[in-house]
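Data first, discussion second: the structure below is written as structure tokens.
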Amino acid sequence: MKFLKFTLPLFLICTLTLTAQNSLINPDIENRIESLVQQMTLDEKIGQLHQVSGYNENLKQQIQQGKIGSFLNVKGATATNEIQRIAVEESRLKIPLIFGLDVIHGYRTIFPIPLGEASSWDPDLVERTSAMAAREAAASGIHWTFAPMVDIARDPRWGRIAEGHGEDPYLGSVLAAAKVRGFQGKSLNDPFTIVACPKHYVAYGGAQAGRDYHAVDISINTLREIYLPPFKVAVDAGAGTIMSAFNELNGVPTSANLFTLTQILRNEWGFQGFVVSDWNSIGELLNHGIAATPAEAGIKALLAGVDMDMMGFVYANNLADLEKQGIISEKTIDEAVRRILRIKFQLGLFEHPFINPEFEKTTVLSKENLALARESAQKSIVLLKNDNQLLPLNKNIKSLAVIGPLADNRHDQLGCWHCEGKDIDVVTVLEGIQSKIPTEKIRYTKGCEVQGGSEKEILKAVEIAQNVEAAILVVGESADMSGEAASRSSLDLAGYQKKLVKAVYETGTPTVVVLMNGRPLTIPWIAEKIPAILETWQLGVQSGNAIADVIFGDYNPGGKLPVTFPRTVGQVPIFYNHKNTGRPSGSDKFTSKYLDVPVTPLFPFGYGLSYTKFKFSNLKVTVEKTDDMTKIFAGVEVQNIGDRIGDEIVQLYVQDVVASTTRPVKELKRFRRISLEPNEKKKVEFQLNTNELGFYNQNLEYVVEPGVFKIWVGPSSVQGLEGSFELTDN
Ligand code: BGC
């Protein structure tokens, strides 16, 4: 079989990478870096590689001596200015500090958690919320965010699934690039942009058993096709820094991994920024068992390509001795210093090291920011079920019960990594509903806790639910049940919540379940019995308003799941782009399936309903060849056949039917969120390049093979119009 070798497209890809990363290289800056490096002592150089969390007076002298290059977790214009002043006025070479922080889904104005916002399938929105977060953070003295988290996660037991964009490398890549563009803007030199740090490089989401920090053992093909793409795209978008991860990858910890940090990131992709370790991930090389001493850990990390040591104190305590002993060359240290100085120069920190504290007051939590928070929360909601059009509720409803541990809860709607988000900023679901209908019509009770409760509380909920026209039940997870170090072995609703849902359902009152959670949950009973279900994740400060907008039809939900919902935790890992196997599941016993549960998910990837209906028709697929390129065009008509305006997310999947290595049953290649008035019809056209249809073969070469491809365009990964096209090798 002949391979289509895509010489020209590959060339194009390299050019793009180099262009975006090359903008980090500026001859004038390079000269300034060189002149500074010439003047620096070894201690001052090592200082640039040292990052410390939080400030205290004992650190003042170290800043004066140039022994600290960066802080994390120091925030606020006044605090950062004061510490910066020590660096730029009292240190010998006046090199500014770079302040980093986890600005993951907002600074003070908290947007939906990343998994939630990924449900919007809206890169433009994601770019705008990231830009807004950057603005607030920059106004508060922050230069650098440890975001976006672009780890692909196929295992919802892993709590950090909440911080990323779900299971798909293509959706994850589009959103990763959008976030880099949002944070970094057009120029890092703009005082209201911050430098991005895609993390955790790499394959951190592949943790065995979904247990955080656990080992990752995957094929290089899976690494290249599933876990690396969002990082590559983020680098192509110009990301200035990357964070190495905690996990080992096939036996080599990622914070000491020459293959991923140098061969791939720098040599293949042309990355020109710097790499920061994760928190003490260099020190943890001892626990991994690849270094006997901190000094050895430092050697491995630095030589692999980790430039800055976050809170490991390994570089600060060992590099000088290692240099004196001739084990580490000053040249190696200089290279890391140059990379860090390059970003400091790019950020313009030498010219404007301080931020005007007035900006913070006018920027943070402004009206405009809150409007964007509401928009992003609305667009992130997924309607999972709506039997007999129970939703939206009529505002003339006579009585409504609002029940559940998360119904009037501020804190948990902020989700994990809520940065400077404050409980008082949050609008709860109860408050959102109170702003839509008269308070006297609403009866509220908590019903139980997220992780506890009592029969008595449930009885009270039943008593309320019995006497109303409809009930809204807000259940799910608390903020600390997902995120870092928050893996779960069960994906069920915790505590008394299941009991509460059943008890309310059994009253016979029409019930809507509003889920708030940081990961897919296993809710088969709810999916079967409860007529209307909204997946709202953790939507941030405007959560309650956005949910109430959807409940009463002021906003028609259009989000789609960025991750598969299993029926039971026993199906995990479960993801849409799986392989077919030699015995695809069927009625025969000897096929790939379970005895006790179907192989299909509870809710598939890409799924979500609307209050209106859409019709897909007229799929047309053509292959067009020019002298040097082949392109695939796929067009489809989408019509709103219901009676309200609504958004549809048009998704395009392909399958390489026969190839030299097995290919997934489907792979997402394009999508577009469109809005349609009742009866309106739009033609949606996609264009694919052949180089997007390739994969890594057995020799680990990226190839595009000729043959037949299936193509689907539709509203989810399990529905759509089917077509096909053929690639020929001449
Ligand atoms: C997390 C990172 C985070 C860092 C700094 C670590 O524990 O893994 O994602 O950026 O802490 O807060």
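Values for this structure:
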read-out: Checklist (1) open to solvent by 40 Å² or more (accessible area, probe 1.4 Å); (2) outside any helix (DSSP H, G or I); (3) in contact with a helix residue (DSSP H, G or I) (Cβ under 8 Å, 6 or more places away or on another chain) applied to residue 280, failing item; value: (3)
read-out: Candidates 269, 279 - the one that is within 15 Å of the ligand (Cβ to nearest atom) and among the aromatic types (Phe, Trp, Tyr); value: 279
read-out: Yes/no for residue 388 being surrounded by fewer than 20 Cβ atoms within 10 Å (Cβ to Cβ), more than 30 Å from the chain's Cα centre (by Cα) and closer than 30 Å to residue 527 by Cβ; value: yes
read-out: Count of region 644-662 residues which are over 25 Å from the mean Cα position of the chain (by Cα) and open to solvent by 20 Å² or more (accessible area, probe 1.4 Å); value: 9
read-out: Residue pairs meeting the criteria (Cβ under 8 Å; at least 6 apart or on separate chains; first closer than 12 Å to residue 439 by Cα, in region 386-399; second among the polar types (S, T, N, Q)); value: 399/467
read-out: Residue identified as among the charged types (D, E, K, R), open to solvent by 30 Å² or more (accessible area, probe 1.4 Å) and out of contact with any Leu (no Cβ under 8 Å at 6 or more places or on another chain) among 94, 75; value: 94
read-out: Test: residue in region 305-326 that is under 24 Å from residue 484 (Cα atoms), out of contact with any strand residue (DSSP E or B) (no Cβ under 6 Å at 6 or more places or on another chain) and polar (S, T, N, Q); value: no
read-out: Criterion: open to solvent by less than 10 Å² (accessible area, probe 1.4 Å), touching a Leu at 6+ places or on another chain (Cβ under 7 Å) and over 24 Å from residue 102 (Cα atoms) - qualifying residue of 298, 240; value: 298
read-out: Those residues of region 246-260 which are of a type in the set (A, V, I, L, M, F, W, C) and either more than 15 Å from the ligand (Cβ to nearest atom) or touching a strand residue (DSSP E or B) at 6+ places or on another chain (Cβ under 6 Å) (or both), in sequence order; value: 249, 252, 256, 258, 259
read-out: Subset of region 207-225 (residues that are open to solvent by less than 20 Å² (accessible area, probe 1.4 Å) and assigned to a helix (DSSP H, G or I)); value: 210, 223
read-out: Cβ-Cβ under 6 Å pairs, at least 6 apart or on other chains, region 147-173 side in a helix (DSSP H, G or I), far side away from the ligand (no atom under 16 Å from the Cβ) and open to solvent by 10 Å² or more (accessible area, probe 1.4 Å); value: 169/226; 169/229; 173/229; 173/233
read-out: Selection within region 55-84 - of a type in the set (Gly, Ala, Ser) and closer than 21 Å to residue 341 by Cα; value: 66, 69, 70
read-out: Index of the failed condition, residue 605 passing every other in (1) surrounded by fewer than 22 Cβ atoms within 10 Å (Cβ to Cβ); (2) closer than 18 Å to residue 711 by Cβ; value: (1)
read-out: Selection count, region 176-205, where residues are of a type outside the set (A, V, I, L, M, F, W, C), open to solvent by less than 20 Å² (accessible area, probe 1.4 Å) and away from the ligand (no atom under 14 Å from the Cβ); value: 4
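The values are calculated or read from the model by the stated rules, or taken from the named source; none is laboratory data. Everything numeric here is computed off the predicted structure, so don't read it as measured data. All Cβ positions, even for glycine, are placed from backbone atoms using ideal geometry, and neighbour counts span all protein chains on display. In case anyone asks, the SASA skips ligands and DNA or RNA and just uses the protein heavy atoms, side chains included. Shrake-Rupley method; radii C 1.70, N 1.55, O 1.52, S 1.80 Å.
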